[in-house]
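Below: the structure, in structure tokens.
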Amino acid sequence: GKRAFIAGVADDNGYGWAIAKALAAAGADILVGTWVPALNIFETSLRRGKFDGSRRLPNGSLMEIVKVYPLDAVFDSPEDVPEDIRTNKRYAGSSNWTVKEVAESVKNDFGSIDILVHSLANGPEVTKPLLETSRKGYLAALSASSYSYISLLQHFLPIINPGGATISLTYIASERTFPGYGGGMSSAKAALESDTKVLAFEAGRKKQIRVNAISAGPLGSRAAKAIGF
Ligand code: NAD
């Protein structure tokens, strides 16, 4: 069977969860990366059976998540983590959650993966029009929503089996003007789409790894509700 790592699952409402289920239904082993501040509630909900209804697969069995890794994809390695995050009580209970460390943990635990899914985004100023977006908010959107994919691919590439596949999720607001998709999120998706082409060339040449992005329709996930979709 194949093994998939899905970054960006913290509840049962988003694309990451749905993709995990589709891959589980196809027989893959599922590993997920969960944003550190959301980890506790996600693991507690899983344990208490809150997701059991939505864990059900077409064959009647329940999706098993083999392992949940804490992840914050805006930090590549421990040296990048600033003091205020390191000592924040929502982070202090977890360890090894930078991208580099998560890839190392997955390698130590399982050796390799076949499928890498990037289903995460964050734009702190998403409700602000681009014209009113700060430099800090814009760069934060790009860091969490675009560079996070480059970083994940960079660090996971050595453990993705040749012939493997990676995908990310984008949105049409990269190509057409969508009022409400602000804070640099439209820019972040445009970067993600362009990067997909370049990374497909590079990862394809290097290791026969496919790199694709799915431009998904609107879904009432936690992230989308924050912007009133
Ligand atoms: P979601 O809330 O289920 O997923 C986003 C996830 O990103 C959350 O679990 C959140 O905890 C995580 N996250 C945020 N910052 C992170 C960080 N620094 N490190 C690690 N994880 C982090 O919402 P979703 O809408 O399913 O989003 C998944 C992907 O789909 C995103 O790339 C989003 O832009 C894209 N997308 C969504 C829609 C839609 O309408 N919902 C449409 C097109 C594309």
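The values are calculated or read from the model by the stated rules, or taken from the named source; none is laboratory data. For clarity, every value in this text was computed on a predicted model and none was experimentally measured. Because the Cβ atoms are built from the backbone with ideal geometry, glycine has one as well, and the counts that use them run over all protein chains shown.
Quick notes on this one:
- Single residue of segment 198-225 satisfying the filter (more than 18 Å from the chain's Cα centre (by Cα) and free of Cβ contacts under 8 Å to residues at least 12 places away in the same chain) that is surrounded by the most Cβ atoms within 10 Å (Cβ to Cβ): GLU202
- Of the residues SER145, SER151, SER168, the single one that is within 12 Å of the ligand (Cβ to nearest atom), in a strand (DSSP E or B), among the hydroxyl-bearing types (Ser, Thr, Tyr) and closer than 21 Å to ALA103 by Cα is SER168.
- Test: residue in segment 176-187 that is on the phi > 0 side of the Ramachandran plot and modelled with pLDDT of 95 or more: yes
- Residue within segment 106-122 that is part of a helix (DSSP H, G or I), within 19 Å of the chain's Cα centre (by Cα) and modelled with pLDDT of 95 or more present: yes
- Residue in segment 23-46 that is over 13 Å from the mean Cα position of the chain (by Cα), within 16 Å of the ligand (Cβ to nearest atom), buried (at least 18 other Cβ atoms within 10 Å of the Cβ) and over 21 Å from PHE110 (Cβ atoms) present: no
- Screening the candidates ALA103, ALA173 for the property of being in a helix (DSSP H, G or I), within 15 Å of the ligand (Cβ to nearest atom) and free of Cβ contacts under 8 Å to residues at least 24 places away in the same chain yields one hit, ALA173.
- Members of segment 47-68 that are away from the ligand (no atom under 14 Å from the Cβ) and either outside any loop (DSSP other than H, G, I, E, B) or on the phi > 0 side of the Ramachandran plot (or both): ARG47, GLY49, ARG56, GLY60, LEU62, VAL66, LYS67
- One residue alone among THR127, THR133 is out of contact with any Asp or Glu (no Cβ under 8 Å at 6 or more places or on another chain) and more than 20 Å from ALA10 (Cα to Cα), and that residue is THR127.
- Per the listing ILE167, ILE172, ILE150, ILE159, the residue uniquely under 11 Å from the mean Cα position of the chain (by Cα) and over 14 Å from GLY123 (Cβ atoms) is ILE167.
- The residue that is farthest from ILE150 (Cα to Cα), among those in segment 185-229 that are of a type in the set (Val, Ile, Thr) and away from the ligand (no atom under 13 Å from the Cβ), is ILE209.
- For segment 63-93, the tally of residues that are surrounded by 16 or more Cβ atoms within 10 Å (Cβ to Cβ), in contact (Cβ under 8 Å) with a residue 24 or more places away in the chain and farther than 21 Å from ILE113 by Cβ stands at 2.
- Conditions (1) buried (at least 17 other Cβ atoms within 10 Å of the Cβ); (2) within 25 Å of ALA28 (Cβ to Cβ): number failed by ALA144: (2)
- Of residues in segment 108-144 being touching a strand residue (DSSP E or B) at 6+ places or on another chain (Cβ under 9 Å) and among the polar types (S, T, N, Q), the one farthest from ALA223 (Cα to Cα): SER112
- Residues that are in contact with a strand residue (DSSP E or B) (Cβ under 9 Å, 6 or more places away or on another chain), closer than 30 Å to PHE110 by Cα and outside any helix (DSSP H, G or I) do occur in segment 194-209.
- Verdict on ALA103 being under 23 Å from ALA20 (Cα atoms), crowded, with 22+ Cβ neighbours inside 10 Å and hydrophobic (A, V, I, L, M, F, W, C): yes
- Residue selected from segment 1-22 under the condition of a type in the set (Lys, Arg) and not in a strand (DSSP E or B), by the criterion nearest to the ligand (Cβ to nearest atom): LYS21
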